[in-house]
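Visitor: The structure is given below, and queries will be raised subsequently.
The values are calculated or read from the model by the stated rules, or taken from the named source; none is laboratory data. Remember, it's a predicted structure, so these values are computed and weren't measured experimentally. Backbone-built Cβ (ideal geometry, glycine too); neighbour counts: all protein chains shown. We work out accessible area using only protein heavy atoms, side chains counted, and drop any ligands, DNA or RNA first. Shrake-Rupley method; radii C 1.70, N 1.55, O 1.52, S 1.80 Å.
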Amino acid sequence: MQQARVTRLITEDDATELAELLTASRAFLAPFEPERAPFYFTPDGQRAAIRNALASHAQGTSLPHVIRTGSGELAGRITLNGIVRGPFQSCSVGYWVGAAFTRRGLASAALRDIISIAFADGGQQGLGLHRIQAETLLDNLASQRVLARAGFSQIGMAPTYLKIAGRWQDMFLFQLINPAAD
């Protein structure tokens, strides 16, 4: 029996709940995120971010989802970013869950959901991708465990890869290859 998905495509209707979740989790998420202007944490800021994410989705370069609890409460976000077609057929995945929703398996379940969509044959239900990349801060052991449980392999370390928490930081790189790829 197939498990119910814990993710779905983001909508503008999610803006207020996401703003509340981000505000409540601001200090918790700050060490793992780029610095954000105060506007980002407002419903209008989230509506603008969602519009941008949905515009990228319409262009085929991202798949922005929200993460939900079993009762439907929004718990975070997961997005396939930088979807590249042609001979590369790859993307990067990023995700977060709010402070109140950690250690419940939601990030792992969301990652399973998004992997199934990324690797499923092309069409409305799948993207038919070959590879998913992920990055974590060197000390983000929780996220590294989530990736390992999903089958990702560490492929290297990229010095000063992303500007997180206001400074350029080293990141471990991980990948997952579609097992059905030829």
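Visitor: Of L80, L29, which residue is touching a residue at least 24 places away in the same chain (Cβ under 8 Å), open to solvent by less than 50 Å² (accessible area, probe 1.4 Å), out of contact with any Cys (no Cβ under 8 Å at 6 or more places or on another chain) and not in a loop (DSSP other than H, G, I, E, B)?
Guide: L29
Visitor: Can you find, within the stretch 105-137, the residue that is modelled with the highest pLDDT among those that are open to solvent by 20 Å² or more (accessible area, probe 1.4 Å), in contact with a strand residue (DSSP E or B) (Cβ under 8 Å, 6 or more places away or on another chain) and in a loop (DSSP other than H, G, I, E, B)?
Guide: H130
Visitor: I've got another one for you. Suppose the filter is touching a Lys or Arg at 6+ places or on another chain (Cβ under 6 Å) and open to solvent by 60 Å² or more (accessible area, probe 1.4 Å); does E35 pass it?
Guide: Taking the combined requirement at face value, the residue does not satisfy it.
Visitor: Hey, A49 hits all of (1) open to solvent by 50 Å² or more (accessible area, probe 1.4 Å); (2) in contact with a Phe, Trp or Tyr (Cβ under 8 Å, 6 or more places away or on another chain) but one; which does it fall short on?
Guide: Among (1) open to solvent by 50 Å² or more (accessible area, probe 1.4 Å); (2) in contact with a Phe, Trp or Tyr (Cβ under 8 Å, 6 or more places away or on another chain), the lone unmet condition for A49 is (1).
Visitor: If I ask for residues that are in contact with a helix residue (DSSP H, G or I) (Cβ under 9 Å, 6 or more places away or on another chain) and either in a loop (DSSP other than H, G, I, E, B) or among the polar types (S, T, N, Q) (or both), which ones from the stretch 34-53 would you list?
Guide: R36, A37, T42, Q46, listed by residue number.
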